[in-house]
Amino acid sequence: MTDTAVSVDTTVSTTPGKMPPVVRLPKPVQGVLLSGFRRWFQQNAQKRYGPVFAINVPFFGRSVIVSDPALARQVFLASTDDLMNVQPNLSRIFGPGSVFALDGKEHRARRKLLAPPFHGQSIKNYEKVIEEETLRETANWPEGAEFPTLEPMNRITLNVILRTVFGADGAELDFLRTIIPPWAKLGSRMATLPEPPFSTGPYSPWGRLAEFRRNFDRTVFALIDKAKSDPRLDERTDILALLLRSRYDDGTPMSPQDVSDELLTLLGAGHETTASTLGWAFERLRRHPDILAKLVDENDEGGNEFRQATIQELQRNRTVIDFSGRHVRAPHFDLGEWRIPHGYTVMIAIANVHANADVFPDPERFDPNRFVGTRTPTAWVPFGGGTRRCIGAAFANVELDVVLRTILRHFVIETDDAADEKIHFRGIAFTPKNGGLITVRRRKAAA
Ligand code: HEM
């Protein structure tokens, strides 16, 4: 495709307080471009219209796409009286008890409730689990034969989040391990498709999602019953125990259905994203021998500054979640020189923000050094921002760090000048098209 498919609406003025330029294409065409060719569409429309432009698409309706770092920051920091949660949102997959469904006071209360397991010392405690799961998954990695890393990374991150959420292993978790991956794949694809108003039958995608939900709830309700009869429930630090002990302001506990919705949210939001970033880590390192060598040396000496910079650069250069959305609640929202009307969706095109050459010179280049010894620019927003910033950001960072550390300690990754893997959209996350292919050898001296 070329960028000539998108034409400028020259009738729209850009005087202060006016509507941003509008993409003039039929609504269904814009919908197809946004869902099927998002990166291409956003990049080319930005080139044509500038960093703020309006679209009209089937699922989100009239929307404004923002690629400018300062304006993205203004959106993230806006009052929730002006910008509320995007509608519709992922609670249509996770359920109405999910944090994704909540707004205002309820949202703040749920975030407060969920905060402890995602902070400081709690996250440090997960390091052991992450290392164990990495060693378990990599124990049988083939030597000298190319293989995709994305699926192994998905298994590691799913096992880690399952153990974090439920605090233990067991038959129920084995069952969840088998049903969650196909659900995540289907759920991602269906996340932004409108649900038909009529029943589509048990074998349709919607029917299969409903069946997954029945199986998931049945398993989680059994785990809730088990936990409630656990005499050590008060001492437990897992997320299930935390939700069961929590009380709303009026003293009532969360219903089992709300607990189940929230646990599904953390399992769903908390594993594919991190796994996709790890898939990109291997895709990038295979093609960057100098960076890989520096990481290995630093790791052998026990450091992690360059590894942290590499993780930041990965999340910038190969942004996995390219969307943070809000909904204009106020009569209008003034964004820089633009006035966005009530009812509009505001979408931050995170990958475009990360490709801003003023903040990140030569943005196409993969170069962790840009993050060494400097303050992280406010334009680095892989986890979104403001009151809805990703709750698992610190958790994901530790997970990325420990998985990479463990694999670099035990394996030599072969490098070559293979062409970059294409960027593939899985419905929610952007992943390496061939699954992050690498060839490894086991390090003989590894501990
Ligand atoms: C590299 C990994 C991850 C990336 C790139 C990522 C990215 C994001 C982004 C962009 C948002 C939307 C933020 C906004 O609208 O401002 C988000 C929200 C969220 N993420 Fe993550 N995430 C990651 C890992 C995780 C993990 C590990 C968990 C949980 C264990 C998690 C749980 C959530 C939840 C619950 C929300 C909704 C927050 C709310 O609405 O208040 N994420 N994430």
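Here residue 100 passes the criteria (1) surrounded by fewer than 20 Cβ atoms within 10 Å (Cβ to Cβ); (2) out of contact with any strand residue (DSSP E or B) (no Cβ under 6 Å at 6 or more places or on another chain) except the one numbered (1). Within region 219-257, being among the polar types (S, T, N, Q), in a helix (DSSP H, G or I) and open to solvent by 20 Å² or more (accessible area, probe 1.4 Å) holds for one residue alone: 257.
Looking across region 176-207, the residues that are β-branched (Val, Ile, Thr) and away from the ligand (no atom under 16 Å from the Cβ) come down to 178, 179, 200. Filtered by the rule that a residue be open to solvent by less than 30 Å² (accessible area, probe 1.4 Å) and not in a strand (DSSP E or B), region 72-97 gives 72, 75, 76, 78, 86, 89, 91, 93, 94, 95, 97.
So, in region 121-140, exactly how many residues are away from the ligand (no atom under 15 Å from the Cβ) and either open to solvent by 20 Å² or more (accessible area, probe 1.4 Å) or of a type in the set (A, V, I, L, M) (or both)? Final tally of qualifying residues: 10. Residue 65 satisfies every condition listed in (1) in contact with a helix residue (DSSP H, G or I) (Cβ under 7 Å, 6 or more places away or on another chain); (2) in a helix (DSSP H, G or I); (3) modelled with pLDDT of 95 or more except (2).
Residue-wise test of (1) away from the ligand (no atom under 16 Å from the Cβ); (2) part of a loop (DSSP other than H, G, I, E, B); (3) modelled with pLDDT of 95 or more.
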position	(1), (2), (3)
142	yes, yes, yes
145	yes, yes, yes
151	yes, no, yes
154	no, no, yes
157	no, no, yes
163	no, no, no
169	yes, yes, no
174	yes, no, no
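Screening residue 216 on (1) open to solvent by less than 10 Å² (accessible area, probe 1.4 Å); (2) over 28 Å from residue 132 (Cα atoms); (3) more than 16 Å from the ligand (Cβ to nearest atom) shows it passes everything except condition (2). Within region 326-343, being within 16 Å of the ligand (Cβ to nearest atom) and assigned to a loop (DSSP other than H, G, I, E, B) holds for one residue alone: 329.
Considered as a group, the residues in region 358-390 that are among the small types (Gly, Ala, Ser) and open to solvent by less than 60 Å² (accessible area, probe 1.4 Å) include one that is farthest from the ligand (Cβ to nearest atom), and that residue is 379. For region 282-325, a residue qualifies if it is part of a helix (DSSP H, G or I) and within 14 Å of the ligand (Cβ to nearest atom), and the qualifying residues are 308, 310, 311, 312, 313, 314, 315, 316, 317.
The values are calculated or read from the model by the stated rules, or taken from the named source; none is laboratory data. In this text the structure is predicted, and so the values were computed from the model without any measurement. Glycine gets a Cβ as well: all are built from the backbone with ideal geometry, and neighbour counts include every protein chain shown. Keep in mind that these areas ignore ligands, DNA and RNA; they rest on the heavy atoms of the full protein, side chains included. Shrake-Rupley method; radii C 1.70, N 1.55, O 1.52, S 1.80 Å.
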